[in-house]
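Values in this text are rule-based calculations from the coordinates and carry no lab data. Just so it is clear, the model here is predicted, and its values are computed rather than measured. So basically every Cβ, Gly included, is an ideal-geometry build from the backbone, and we count neighbours across all protein chains shown.
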Amino acid sequence: MDILIASTKIAVVLAAMLTSVVFLVLVERRMSAFIQNRIGPNRVGPYGLLQSVADVVKLLMKEDIVPAKANKPLHDLAPIISIAVAMTTFAVIPFGNAIELFGTTIKLQIADVNIGILYILAITSLGVYGLTLAGWSSNNKYSLLGGLRSSAQMISYELSMGLAIIGVILMAGTLRLDVIVEKQTEYLLGWLPAWNIFLQPVAFITFFIAAFAETNRLPFDLPEAEPELVGGFHTEYTGLKFGLFFLAEYMNMITASAIVVTLFLGGWHLPYADMLGLSGFALSILQVLTFCGKIVLVLLFFIAIRWTLPRFRYDQLMSLGWKVMLPLTLANALVTALILLAF
Amino acid sequence: MDQPKALPTNYVTQPDKIATSKGKTVRTEEMIINMGPQHPSTHGVLRLEIIVDGEIIVDAIPHIGYLHRCFEKHAEHMTNYQQVIPYADRMDYVASMNNDWAFALAIERMMKIEVPERVEYIRVIMAELQRIASHLVALGTYGIDAGAFTPFLYCFRDREEILDLFEMTCGARLLYNYIWVGGVSHDLPQGFIEQAKEFCTYFKPKIKEFNDLLTYNEIFIKRTAHVGVLPRDVAINYACSGPMLRGSGVHWDLRRDDPYSVYHKFEWEVQTGKGEVGTVGDCWDRHIVRVREMEQSVKIIEQALASIPEGNVQSAIPKRIRPEPGDIYVRTETPRGELGFYVISDGSGSFYRVKARGPAFVNLSVLPEISRGAMIADLTLIVGSVDIVLGEVDR
């Protein structure tokens, strides 16, 4: 029974992720078009809804080119690492409160791990292997530079990401993500939801910036920086393998948004929803929808930033990471700890 | 002159001077990267051979000629001087009007043709509109080089308005063949003056919008200040011109300093870089000079539109142009700098020899000088700030 439930959850979440990536790409293209005074793709299907499907079909039919002197096994492996990491991170994120179904209580979380946050940090730091290996194995100088940049960038931002989370962990006193969310369902002063964005604003901002760097989005998309490195690490990838990198990037965006929502924006918590007097089942559904809605808002912010800002330079990015974000997150952790100790 | 001093960039590293504990020097292996001719940010078919140490550029060697079309030889083989104008159009295809004007002016000076007052005004209006259009392309693509895609499309939206004006005047949107020897091909169409005035009112706030979006963006300033510094003396030694030269703080504009046409009748100022956010002559200075030149161009256009006289648009010229034997060098200020034509006539109906002095070609020659010690990411910004058009570099 447990296996059945677990596999159902995996199937549902995976299907939801893949579908939402398809639409996220379209949303990004339409939104960038809106920002830039254009129309955007609107030919394939109603309102261009099938554009991404057409793109995927196109990618599937492309020839798979491997450069002559590339390291073929690693060249093949790199996109697989990227996509695997992007898919597995979501496993520990609670996307709703427990739900009552056919007499059993089901936790809306694929794996209820007691070290949830550590799992996320561990898995996301594996993602760098995908990009670095892709850059190295392509035997292309632009790819190599992209791969080098990505390893340096992701490692330095991992640190501030982890340290930003420490503030949250200290507040919650646990590494379990579901407990962290439950803690945020309380109210401060009787009316303000106790979301970590209000309790840990510094951690929120630094974590959000680090999330941009982790997902390689503008203004931190140095590993692929088109005007400089052509395509960066994926210069030599075509067809489905390029598609996997593309998919991984958008999946990482969704996962990063989900982590931001879980840690700082109250997860599935909809303030005052318990006053609506809904039945348990309806409330659970509402909470799942809330969680999705919050993710969408964060994603839209990701997109809006990408189409507004210029890109940092490599050394500026590193100095921002090491000289600004790291001390800031350290100080935040220290202050949080001192305050908790005092009260 | 002394060797130019080392560039005052804030992050220049000299790999051969990094000392180890033993006092020896560490040197990482250099890598040669071939950038272009197919590369997203070389603005055409420029090929750069760059030698890098990690991400730091040791040397950058431009290779040109991928778009060479024998302009000069071709012009000498034409049977008629007028026939060369469409060809001059295609040199700097982002600023065709200015090319036509420079070419027509050279022939007119040789033939000592006086053009009617109205023609001078029309030419000034067209040239300045073209200057704005050309700067919009330069600034927009510069945004892309820096990673900001959106300003590019905003620039093209505004450029579209100018192209509409050109289209209603002569039917063409890129290569106009409008300014002819002795005048222009058509008079201004009905409604042009009103629409041009409307454009000026529309465009002024857009410059501010562009500045808010890109020019004064914190990241953009970080990327361009202190980068690709072109000192005043180096700029002069390399014969740079246009915004490249003015960005380095040199007050030099042919519209004012070697006057032609009716520019002296209008109120406007030469803009120079002052190092507001970084060093004088850095990439940001060249950028802001272009932005401010657009403002000045709007000013000139408004004044010209207000005072344009009536009259003919073509002066009486002989059907077959045969200048007296002799030579002449005529230069004008295009959006990219000094475009000059050196013309030798042997008294026949076509050139004995014509030499075009293109601003982009000359400005490009300073690229290795200002990109040493920069990073790869800076190189795209430095190339962008030179604002080359390969059609004119290669000719």
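Descriptive notes on the structure:
- Stokes-Einstein D in µm²/s, Kirkwood radius over Cα pairs - the range B:85-223 at 20 °C with 1.002 mPa s viscosity: 133
- Per-selection metrics, the range B:96-157 (Cα): Rg and Dmax in Å: 16.3, 50
- Order of A:Phe23, B:Phe166, A:Phe233 under a 10 Å beta carbon neighbour criterion, fewest first: A:Phe23, B:Phe166, A:Phe233
- Shielding by partners - mean other protein chain Cβ count within 10 Å, residues of A:302-310: 5
- Rounded to the nearest 10 degrees, the angle from helix B:117-146 to the longest Cα principal axis of chain B is 20 degrees.
- Three semi-axes of the equivalent ellipsoid, chain B, Cα gyration tensor, whole Å, largest first: 39, 25, 17
- For B:Lys206, the lysines whose Cα falls under 22 Å of its own Cα, not counting residues fewer than eight places away in the same chain, are B:Lys197, B:Lys299.
- Take each peptide in B:271-281, A:8-18, count the other Cβ atoms within 10 Å of every residue, and average; sorted highest first, the result is B:271-281, A:8-18.
- Against the main long axis of the alpha-carbon atoms of chain B, helix B:376-386 sits at an angle near 20°.
- Where GluC sites (Glu not before Pro) in DSSP loops with at most 13 other Cβ within 10 Å are excluded, longest remaining stretch of chain A: A:187-343
- Long-range amide H partners of B:Leu48 with built H, under 5 Å: B:Met35, B:Gly36, B:His63
- Anisotropy class of the protein assembly as shown from Cα gyration tensor, a/c 1.5 cut: prolate
- Per-residue shielding of B:143-154, expressed as the average number of other chain Cβ atoms within 10 Å of the residue Cβ, stands at 6.
- Each residue of the range B:345-359 was assigned a 3J(HN,Hα) from its phi angle through the Karplus curve 6.51 cos²θ - 1.76 cosθ + 1.60 (θ = phi - 60°); the sequence is 10, 10, x, 8, x, 9, 4, 7, 7, 9, 10, 9, 9, x, x Hz, with glycine and proline shown as x.
- Separation of alpha-carbon centers, the range A:292-310 and the range B:146-189, rounded to whole Å: 36
- Three-way shape call for the range B:207-366 based on the alpha-carbon gyration tensor, with the a/c threshold at 1.5: oblate
- Degrees, to the nearest 10: A:51-61 long Cα axis against longest axis of chain A: 50
- Qualifying lysines (Cα of each under 24 Å from Cα of A:Lys294; at least 8 residues distant if same chain): A:Lys9, A:Lys107, A:Lys183
- Under the criterion of Cα pairs below 8 Å and six or more residues apart, the relative contact order for chain B equals 25 percent.
- When each of the peptides A:194-201, B:158-165 is scored by the mean number of other C-beta atoms lying within 10 Å of its residues, the order from highest to lowest reads A:194-201, B:158-165.
- Rounded to the nearest 500, the helix-only mean residue ellipticity at 222 nm of the protein assembly as shown stands at -17000 deg cm²/dmol, with each DSSP H run of n ≥ 4 adding -39,500 (n - 2.57).
- For the range A:2-342, radius of gyration divided by Kirkwood radius, i.e. Rg to Rh on alpha-carbons: 0.98
- Amide H contacts of B:Ala148 (H built 1.01 Å from N, under 5 Å, at least 5 apart or other chain): A:Arg311
- Listed peptides B:295-301, B:262-268 appear in the order B:295-301, B:262-268 once ranked by packing, highest mean of other Cβ atoms within 10 Å at the front.
- Peptide B:218-227 shows a mean partner chain C-beta count of 3 within 10 Å per residue C-beta.
- Whole-Å semi-axes of the ellipsoid equivalent to the range A:94-139 (Cα gyration tensor, √5λ, descending): 37, 12, 6
- ³J(HN,Hα) computed for each position of the range A:40-47 - Karplus, 6.51 cos²θ - 1.76 cosθ + 1.60, integer Hz, glycine/proline x: x, x, 9, 9, 8, x, x, 6
- Amide H contacts for B:Asp59 (H built 1.01 Å from N in the peptide plane; partners 5 or more residues away or on another chain; cut-off under 5 Å): B:Ile51.
- Overall form of the range A:244-342 per C-alpha gyration tensor (a/c, 1.5; a/b vs b/c): oblate
- Phi-derived couplings, Karplus 6.51 cos²θ - 1.76 cosθ + 1.60 at θ = phi - 60°, listed residue by residue for the range A:147-152: x, 4, 4, 5, 5, 4 Hz, with x used for Gly and Pro.
- Pairwise Cα separations in the range A:75-219 fall into 5 Å bins from 0 onward with the following percentages, short to long: 2, 9, 14, 18, 17, 14, 10, 7, 5, 2, 1, 0, 0.
- Of the residues A:Gly96, A:Gly116, A:Gly231, the one that moves most in a GNM of chain A with alpha-carbon contacts below 10 Å is A:Gly231.
- Out-of-range pairs (alpha-carbon distance over 18 Å; input A:Lys58/A:Lys241; B:Lys112/B:Lys265; B:Lys73/B:Lys112; A:Lys323/B:Lys222; A:Lys62/A:Lys241): B:Lys112/B:Lys265; B:Lys73/B:Lys112
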